[in-house]
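The next block holds one structure in the form of structure tokens; read it before the comments.
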Amino acid sequence: MEVAEIIVYLDDHSVVSENGTWDLWLDFRTEHDLLLFIDALTKSQVIKPHDGIWGKKSEILSYVHLTGLYIKKRLIRGRYYALNVGTLSYARLDNEDETDISLLTFDCSQINSEIANYLLGEHLPLEPIDIGSVELGACREMLPNYHPDGPMRLLVADVGQANMNFLLDGDSPFFVFDLGAPINSSRCFIRQIISNYIDRITNPCTLVISHWDVDHYQCLRQMSTSEISQKFQQVVCTNQCKSLMSQRILEKLRLSLPGRVFCFNTSNRPAHSPYPALIPFYSDGFISLYIGEHSSNINICGINAFVCGNLFSVQFTGDCLLKQADDVLQNEYLKRRLQTDHILIVPHHGGKSSKVKVPLAYNTSSIANCNTSIISVGKHNGYGHPEHTVMSFIAGIFKHNIHLTSLYGDFTCNI
Ligand SMILES: [Zn+2]
């Protein structure tokens with residue numbers, strides 16, 4: 001009998017520096033892959049089928065966290081792999097893991113490296129699931145024009161190795177860009193972020209999700225449908241939901257806000273372009289939104305928001321390339337003939353995208369206006385963010401006005 005392939009999505013990996021072993025975070029491509037996985041583990045008696053607990057738990061959680069893995073093979077995050085379940089029979093189920101996202105955690109330190117190399121097969125160039133989306137042209141009526149009564153303010157929340165940014169009208173948020181928490185957060189930490197920041201929302205506001213990585217949307221997992229419909233009026237996102245968790249969250253958003261989730265297709269990318277261009281697709285006077293041309297790397301085909309305040313322009317970037325961020329800045333400065341100073345939320349937590357070879361370049365015409373840069377980053381993160389090459393590049397352009405949330409906490413100012 002032919003065994004069905006179980007396709008997993010490698011959401012994240014980091015090396016544990018002391019001993020050179022890896023931590024992997026796997027999700028599944030579809031609900032079907034998760035069911036096959038539970039079935040295979042139950043049959044091989046790695047997990048016990050008692051109480052139907054796995055069925056219930058797996059309706060909410062889908063991540064498999066592998067720790068202490070000694071693996072020599074090069075793995076690429078954001079790719080699909082065929083999972084070899086048999087190798088997990090050499091691992092030990094770890095019930096002590098306190099991260100909130102894991103369905104199952106395996107301590108893999110007893111798996112020898114030869115066997116570990118078989119855990120994930122060759123990566124598979126599968127397209128994301130078609131989850132339904134609206135076309136870019138359909139967004140004209142998307143967001144109501146908003147006119148702040150009080151002074152418009154920027155708040156970049158310190159949420160560790162993740163992203164959460166707000167525009168405030170006086171004290172009350174009216175625009176939110178990303179709702180992230182670090183992938184290894186405990187439930188208690190996520191609830192703390194929600195009560196510190198999201199509970200400040202008193203009138204339903206607009207939420208933009210830059211792209212479907214957990215560190216940009218994880219708080220939505222802990223919010224109920226009624227909480228979501230109380231806090232948000234509409235949601236703007238892309239349809240690049242490659243992981244099962246992101247598909248489930250999109251579904252939850254659609255249930256919470258029927259007809260008010262605007263999920264956009266990335267547009268086709270011309271052959272031979274060095275990286276996906278960010279295309280303007282919405283402008284309401286003081287906020288412009290851009291979306292990347294298609295890429296298999298969801299970081300670089302997400303959404304950017306550009307905001308023109310009275311004192312500063314502000315750019316929300318998610319995990320795009322610095323070059324893409326600069327293209328948006330150039331476009332806005334030319335189009336709007338801006339005189340104001342500029343605040344950049346530095347893309348990708350100050351990291352470089354190792355998969356895309358685009359030089360760190362800023363066009364000199366805008367540098368005079370570059371005033372402050374903010375890096376949303378966690379202390380001692382396992383990714384080496386921010387990278388020193390990015391830091392010294394940014395320091396030159398922004399005259400050393402760099403705010404690291406890991407050092408200085410929240411950033412807030414009138415714009
Ligand atoms: Zn990120």
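Table for the structure above
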read-out: Sole residue being free of Cβ contacts under 8 Å to residues at least 60 places away in the same chain and crowded, with 18+ Cβ neighbours inside 10 Å, chosen from 278, 255, 244, 250; value: 278
read-out: All positions within the range 258-275 that are in a loop (DSSP other than H, G, I, E, B) and surrounded by 22 or more Cβ atoms within 10 Å (Cβ to Cβ); value: 266
read-out: Which numbered condition residue 42 misses (of (1) modelled with pLDDT of 90 or more; (2) in contact with a Phe, Trp or Tyr (Cβ under 8 Å, 6 or more places away or on another chain)); value: (1)
read-out: Matching entry among 210, 185 (being crowded, with 23+ Cβ neighbours inside 10 Å, within 16 Å of the ligand (Cβ to nearest atom), outside the structural domain of residue 33 (by TED's automatic domain parsing) and closer than 23 Å to residue 407 by Cα); value: 185
read-out: Of residues in the range 275-300 being within 14 Å of the ligand (Cβ to nearest atom) and of a type in the set (A, V, I, L, M, F, W, C), the one farthest from residue 349 (Cα to Cα); value: 298
read-out: Set 297, 304, 381, 310: member being touching a residue at least 12 places away in the same chain (Cβ under 8 Å) and farther than 16 Å from residue 213 by Cβ; value: 310
read-out: Selection count, the range 360-405, where residues are in a loop (DSSP other than H, G, I, E, B) and out of contact with any Leu (no Cβ under 9 Å at 6 or more places or on another chain); value: 12
read-out: The range 165-180, subset in a loop (DSSP other than H, G, I, E, B) and more than 11 Å from the ligand (Cβ to nearest atom), residue surrounded by the most Cβ atoms within 10 Å (Cβ to Cβ); value: 179
read-out: Set 318, 351: member being within 13 Å of the ligand (Cβ to nearest atom), closer than 24 Å to residue 388 by Cβ and either surrounded by fewer than 24 Cβ atoms within 10 Å (Cβ to Cβ) or outside the structural domain of residue 181 (by TED's automatic domain parsing) (or both); value: 351
read-out: Enumeration of residues in the range 85-102 that are more than 15 Å from residue 23 (Cα to Cα) and surrounded by 16 or more Cβ atoms within 10 Å (Cβ to Cβ); value: 85, 87, 100
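The values are calculated or read from the model by the stated rules, or taken from the named source; none is laboratory data. What you see is a predicted model, and the numbers here were worked out from it, not measured in a lab. In this analysis, Cβ positions are derived from the backbone assuming ideal geometry, glycine residues included, and neighbour counts consider all displayed protein chains.
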